[in-house]
Structure formats: structure tokens, C-alpha cells
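The values are calculated or read from the model by the stated rules, or taken from the named source; none is laboratory data. A quick note: this is a predicted structure, and the numbers were derived from the prediction, not measured. Here the Cβ is made from the backbone with ideal geometry for all residues, glycine too, and neighbour counts use every protein chain on show.
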Amino acid sequence: MGKSLKIAFIVDPLDKLKAYKDSSIAMMRAAHARGHEVFAIQRPALSWCEGVVSARALALEPLADDHDWYRPGTEALLPLTAFDAVLMRQDPPFDFEYVTATWMLERAVAAGARIFNDPRAIRDHSEKLAICEFPDLIPTTLVARDAVDVNAFIDQFGDVILKPLDGMGGTQIFRVRADDPNRNVIIETLTHEGTRTMMAQRFLPEIAEGDKRVLIIGGEVVPYSLARIPKAGETRGNLAVGGRGVAMPLTEREHEIAAFLAPILHARGLLIVGLDVIGGRLTEINVTSPTCFVEIAEQTGYDVAALFVDQLEKACTR
């Protein structure tokens with residue numbers, strides 16, 4: 001693409017990002033290498049006034065040094081329409097402030113801003129519940145808050161995973177067997193004494209082979225997954241709780257799932273999607289800030305961030 005783009009990334013505080021593995025930083029570096037201008041925005045800096053959504057945006061030059069990874073430029077209050085693209089890359093929790101940000105970003109879209117992922121699509125795709133749209137692809141699953149229903153599910157299948165609907169990074173995920181003496185207190189904890197809905201899924205023993213992150217970018221399926229393999233004594237593969245990331249080619253089933261979902265999700269304005277697949281079963285559809293770009297690139301040589309820039313350039317010409 002000949003034209004230099006102005007690309008803003010809405011991200012967590014810059015000093016909190018781990019440059020050696022952060023996918024947003026990989027995207028910034030790839031965009032800068034392609035000749036595009038890069039800016040960083042903090043979500044609390046978003047504001048709406050008289051029909052204009054603005055934010056303080058810091059121009060920056062991404063550097064290769066993971067300890068001192070950017071050179072700051074000028075910070076200015078700018079309307080989001082001043083950018084060719086704005087990437088919403090804020091990590092969860094998906095709380096009321098996150099929802100508020102999607103409402104504000106929708107106003108920016110209405111004014112002509114290009115926001116990726118589309119803020120309405122982010123809001124409409126609960127990363128846990130979105131899988132319920134595709135029941136043929138998922139493990140046996142229950143979404144409920146009544147302890148009677150959850151206990152019946154545990155009794156029926158004997159070995160299940162229980163998790164909150166708003167967790168990330170493997171937090172508050174429990175493996176519960178029918179004879180677990182703590183099952184009632186776990187259900188009480190996850191449902192906040194029956195006041196919050198949770199998810200239960202039949203345990204998939206294939207987790208020992210990894211919780212596979214499968215990336216879809218601009219409707220194109222990345223041909224490698226990152227298998228998050230649990231450490232000894234764990235049932236969670238999440239890297240945040242000590243899982244080991246091993247990149248590997250997609251299996252036929254993983255590619256089949258991703259190829260089926262890719263055009264559907266892309267048509268909804270989801271430029272970057274991270275599917276979680278265990279044993280050939282879809283367990284989550286991540287749309288807020290999908291990661292694993294760096295690990296896949298380092299282990300396979302497949303430049304995921306370059307594919308992102310390719311697809312973003314295409315999106316900005318439509």
C-alpha cells in the first residue's frame with residue numbers, strides 16, 4: 001500500500017506491556033516498519049463532546065529493544081476520525097467501563113472513524129457465550145446460575161470444567177468431579193450465591209495436548225496455532241498460569257472450524273479473532289485483544305503481525 005496510514009492503538013498503560021511477547025506491540029512494530037504512523041491511546045482518555053469522540057493520543061516510534069521499546073513523540077487531543085484506523089486492544093475485564101468504551105467508539109464509527117474490532121461486535125460477542133451460537137462445534141455445555149442445574153450437569157458427566165463468564169487468563173476455572181467434596185462451595189463462589197450466571201463444560205482430556213489458540217485475521221486463517229500446554233498438576237493451559245506455548249500446524253479439524261467461522265466473524269467487523277480449541281472442540285471466541293502473535297512468529301517464522309498489517313491496509317481502502 002502506497003499511502004502512509006495513521007494508526008491508533010487503544011491499549012493498556014505502556015509501561016505495563018510486556019514487549020517481548022505483546023501482540024499489540026508486534027502490530028505496532030510491523031505497522032511502523034511498513035511506513036505507517038503509530039499512536040497510543042489509553043481508554044480512560046476517550047471523551048465525547050458535541051458529537052465528537054476524541055482522545056489524547058501519543059505519537060510513538062516502536063523500537064526493537066524490549067526493555068525500552070518505544071520513543072515517545074508528541075501527545076495531542078485528537079478526534080478519532082483523524083486516524084485512518086483505530087485498534088481497540090484493551091485487555092479485559094469486560095466491565096461497565098469497557099462497555100461504555102464500546103458505546104463511545106460506536107459514536108466515533110457513526111462519525112466516520114474506522115474502529116477494529118467493530119465496537120458493537122465486541123460488545124455483542126461475549127468471549128465465553130459467543131460459542132453458544134455454534135452448538136455443533138462446542139463441547140457439551142451448560143450456562144446457568146441455579147446450583148440445582150449445575151449439580152445435575154456434574155452428576156450427569158462426572159468430570160467437568162466450571163468457569164465465570166467474565167474471567168480471563170485462566171482465572172477462577174475449576175475442574176470438578178462428581179465426588180469432589182468442594183463442589184458446592186465452588187458453585188457458590190462462581191455464582192456469587194446464585195446471583196450470577198456461569199458456564200459448565202464437559203471436561204476434555206485432550207487439554208493435555210494443549211488449549212489451541214487459532215487466529216483469524218481479516219477473514220484469513222493463520223495456518224499455525226499456539227498450543228497452551230498445562231504444566232504438571234494443572235488442567236489450565238493459559239500462559240498466564242504457567243502453561244507452555246508450543247506453536248504447531250493446524251489440524252484438519254482446527255482448520256475446518258476456523259474456515260467455517262472466518263467469513264461469518266469477518267462480516268461482523270471482527271478483524272482479529274482468537275479461537276480457543278481443545279480436542280477439536282471450540283471453547284471460546286476471543287475478540288477483545290487476541291494474542292499469541294509473537295510466539296507463533298518466533299517458533300514458525302510465520303509473520304502474524306505482517307498479515308495483520310496486510311489485512312488492515314485492505315480494510316482501510318474499502
Checklist entry - Of all residues in the stretch 96-146 being within 15 Å of the chain's Cα centre (by Cα) and not in a helix (DSSP H, G or I), which is farthest from P44 (Cα to Cα)? => result K128
Item to check | Hits in the stretch 251-293 (condition: in a loop (DSSP other than H, G, I, E, B), among the aliphatic types (A, V, I, L, M) and in contact with a Gly (Cβ under 7 Å, 6 or more places away or on another chain)) | outcome: L271
Item to check | Selection status of A258, touching a Leu at 6+ places or on another chain (Cβ under 7 Å), modelled with pLDDT of 95 or more and surrounded by 16 or more Cβ atoms within 10 Å (Cβ to Cβ) | outcome: yes
Checklist entry - Somewhere in the stretch 5-15, is a residue over 26 Å from T317 (Cβ atoms), of a type outside the set (D, E) and modelled with pLDDT of 95 or more? => result yes
Item to check | V53 touching a Lys or Arg at 6+ places or on another chain (Cβ under 7 Å) and surrounded by 14 or more Cβ atoms within 10 Å (Cβ to Cβ) | outcome: yes
Item to check | Filter pass, T288 being touching a residue at least 12 places away in the same chain (Cβ under 8 Å) and either of a type in the set (G, A, S) or surrounded by fewer than 18 Cβ atoms within 10 Å (Cβ to Cβ) (or both) | outcome: no
Checklist entry - How many residues does the stretch 267-293 contain that are in contact with a Phe, Trp or Tyr (Cβ under 9 Å, 6 or more places away or on another chain) and over 24 Å from R43 (Cα atoms)? => result 1
Item to check | Which numbered condition Y302 misses (of (1) assigned to a strand (DSSP E or B); (2) surrounded by fewer than 20 Cβ atoms within 10 Å (Cβ to Cβ)) | outcome: (1)
Checklist entry - For the stretch 292-315, how many residues meet the condition of being touching a strand residue (DSSP E or B) at 6+ places or on another chain (Cβ under 7 Å) and among the β-branched types (V, I, T)? => result 3
Checklist entry - Within the stretch 21-38, is even one residue assigned to a strand (DSSP E or B) and at pLDDT 95 or above? => result yes
Checklist outcome for this item: With the first residue restricted to the stretch 243-266 and required to be in the same structural domain as I229 (by TED's automatic domain parsing), and the second required to be modelled with pLDDT under 95 and β-branched (V, I, T), Cβ contacts under 7 Å at 6 or more apart or on different chains are G243/I229; R244/I229; V246/I229
Checklist entry - Between residues in the stretch 24-52 that are closer than 11 Å to V11 by Cα and residues that are of a type outside the set (D, E) and at pLDDT below 95, which pairs lie under 6 Å by C-beta distance while being six or more apart or on different chains? => result R43/Q90
Item to check | Search result, residues across the stretch 159-202 that are part of a helix (DSSP H, G or I) and of a type outside the set (A, V, I, L, M) | outcome: R183, N184, E188, T189
Item to check | Complete set of residues in the stretch 206-242 that are among the β-branched types (V, I, T), without any contact (Cβ under 8 Å) to a residue 60 or more places away in the chain and either buried (at least 21 other Cβ atoms within 10 Å of the Cβ) or farther than 21 Å from Y20 by Cα (or both) | outcome: I216, V221
Checklist entry - Within the stretch 148-158, can one find any residue that is at pLDDT below 95, part of a loop (DSSP other than H, G, I, E, B) and among the small types (G, A, S)? => result no
